[in-house]
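The structure under discussion appears below in the form of structure tokens.
The values are calculated or read from the model by the stated rules, or taken from the named source; none is laboratory data. Bear in mind the structure is a predicted one, so any value in this text is a computation, not a measurement. Cβ atoms come from the backbone with ideal geometry, glycine included; neighbour counts cover every protein chain shown.
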Amino acid sequence: MQEGKYNIKAVSKLLNIQPGTLRAWERRYKFIEPVRNESGHRLYTEKHLQTLKWLINKTNQGFTISQAVSLLENTGSEDSGSTESRKDEQTIKLADDLIEALLNFNETKAQMLISQAFSMYTIEHTIVDVLGSILVRIGDKWENGEITSAHEHFASNILKARISSVMHTIPTNGFLPKALAVCAPGEKHEFGLLIFTIFLKRKGYETIYLGESVADKDLFKVLNIIKPRYLFMSCSQQENLEATLKLVEALKSDIPDLKIGLGGAALSLIPEETRAAFCGVLMGDTQSEWEEWL
């Protein structure tokens, strides 16, 4: 067992994460257990820092923290040997074969394997735990210099295109309110928003998906054309949080009947003194919280 040597203040500073957010993550998802000193204070090991850094990186790419924790468990990035042994062998082989096809630019085989995954598992499991895990592994390989940016772009584009195509085939209920889904200002990572849009469409909501962020003035124009009941935005990166909250305030002022929902990892970084003013728009990052919000 590694020795704990970082207190929560040091971890907060090193990883740019608020102590309250870190405590909430630990309490809710139990992915790490800091050791305690004689005074009962948390102490984090190098391995804890590595795990936290990985999770924060994934949330910055658009995953919710619950999805990132699930992906950590499924990819085994921090302890691949023990984690892999607990996973279903058929799923492991399918994922490995799909990664091999993608990295060999074999689109025909990759599409066949993706179709096979959808035939074997539920839509949610296939997208989050199979394709999402592969996106993470591809991204990690690129960050570690094991593959080129061309490999990463090719693989990511195919996986995201299939997720998007599934989303567009889900039937909706014309009697339910219309919704618009778009990334928050400055946001380009779409994975979390794609998952949420699929959740909405499977509940029957007619949802128009815009993906990457659009200019504020263009968003107002689209809202006036579509006149949706709901607007959902995803904010993953802390540097985009201020602009996102300002946009919410402007929208609430100009379109008071519009119901706005915010998701994404960056929302856990909203200071407590500010959070109360936005509590009605914060949806959480799990399906049970989304259900309750709706």
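Can you tell me how many residues within the stretch 281-294 are surrounded by 13 or more Cβ atoms within 10 Å (Cβ to Cβ) and modelled with pLDDT of 80 or more? Lay out the reasoning, then the answer.
Going through the stretch 281-294, the residues surrounded by 13 or more Cβ atoms within 10 Å (Cβ to Cβ) turn out to be 281-287, 289-290, 293-294.
From what's left, modelled with pLDDT of 80 or more: 281-284, 289-290, 293-294.
The number of residues fulfilling the criteria is 8.
In the stretch 245-265, how many residues are buried (at least 17 other Cβ atoms within 10 Å of the Cβ) and modelled with pLDDT of 85 or more?
In the first step, residues of the stretch 245-265 are kept if they are buried (at least 17 other Cβ atoms within 10 Å of the Cβ); the result is 245, 247-248, 251, 259-265.
Retained after the next criterion (residues that are modelled with pLDDT of 85 or more): 245, 247-248, 251, 259-264.
Total satisfying the criteria: 10.
Picking from LYS203, LYS217, which residue would you name as being under 20 Å from HIS168 (Cα atoms) and either of a type outside the set (A, V, I, L, M, F, W, C) or not assigned by TED's automatic domain parsing to the domain that holds LYS246 (or both)? Lay out the reasoning, then the answer.
On the way: LYS217 fails: under 20 Å from HIS168 (Cα atoms).
Criteria check complete, one pass: LYS203.
Can you run down the residue pairs with Cβ atoms below 6 Å, 6 or more apart or on separate chains, where the first is in the stretch 12-34 and farther than 15 Å from GLN50 by Cα and the partner is at pLDDT below 80?
Between residues of the stretch 12-34 that are farther than 15 Å from GLN50 by Cα and residues that are at pLDDT below 80, the close pairs are GLN18/LEU269; THR21/SER268.
For the stretch 1-34, which positions are aliphatic (A, V, I, L, M) and outside any helix (DSSP H, G or I)?
Initially, the stretch 1-34 is screened for residues aliphatic (A, V, I, L, M), giving 1, 8, 10-11, 14-15, 17, 22, 24, 32.
Matches in the stretch 1-34: MET1, ILE17, ILE32.
State all residues of the stretch 35-57 that are part of a helix (DSSP H, G or I) and not aliphatic (A, V, I, L, M); if no residue qualifies, say none. Before the answer, list the steps.
Keep residues of the stretch 35-57 that are part of a helix (DSSP H, G or I), which gives 46-57.
Hits for the stretch 35-57 are GLU46, LYS47, HIS48, GLN50, THR51, LYS53, TRP54, ASN57.
Inside the stretch 171-188, can you point out the residues that are in contact (Cβ under 8 Å) with a residue 40 or more places away in the chain and farther than 12 Å from MET233 by Cα?
Residues of the stretch 171-188 that are in contact (Cβ under 8 Å) with a residue 40 or more places away in the chain, as a first pass: 177-187.
Correct list: PRO177, LYS178.
If a residue must be loosely packed, with under 14 Cβ neighbours inside 10 Å and among the polar types (S, T, N, Q), how many such residues does the stretch 91-105 contain?
Looking only at the stretch 91-105, we keep the residues that are loosely packed, with under 14 Cβ neighbours inside 10 Å, and these are 93, 96, 100, 104-105.
Keeping just the survivors that are among the polar types (S, T, N, Q) gives 104.
The number of residues fulfilling the criteria is 1.
If LEU241 meets every condition in (1) in contact with a Phe, Trp or Tyr (Cβ under 9 Å, 6 or more places away or on another chain); (2) assigned to a helix (DSSP H, G or I) apart from one, which number is that one?
(1)
For SER213, indicate whether it is touching a Gly at 6+ places or on another chain (Cβ under 7 Å), under 25 Å from ILE158 (Cα atoms) and at pLDDT 90 or above. Outline the logic, then answer.
Numbers: touching a Gly at 6+ places or on another chain (Cβ under 7 Å): yes; under 25 Å from ILE158 (Cα atoms): yes; at pLDDT 90 or above: no.
So SER213 does not fit the description; no.
Spot the failing condition for SER268; the list is (1) in contact (Cβ under 8 Å) with a residue 40 or more places away in the chain; (2) in a helix (DSSP H, G or I); (3) within 18 Å of THR197 (Cα to Cα); (4) among the small types (Gly, Ala, Ser), and only one is missed.
(3)
Could you please find all residues in the stretch 244-265 being among the small types (Gly, Ala, Ser) and assigned to a strand (DSSP E or B)? So that I can check it myself, show each step before the final result.
Taking the stretch 244-265 and keeping what is among the small types (Gly, Ala, Ser), we get 250, 253, 261, 263-265.
Across the stretch 244-265, the qualifying residues are GLY261, GLY263.
Taking the stretch 62-105 on its own, how many of its residues are modelled with pLDDT of 60 or more and assigned to a helix (DSSP H, G or I)?
Start the filter on the stretch 62-105 by keeping residues that are modelled with pLDDT of 60 or more, which leaves 62-75, 88-105.
Then drop every residue that is not assigned to a helix (DSSP H, G or I), which leaves 65-75, 89-103.
Total satisfying the criteria: 26.
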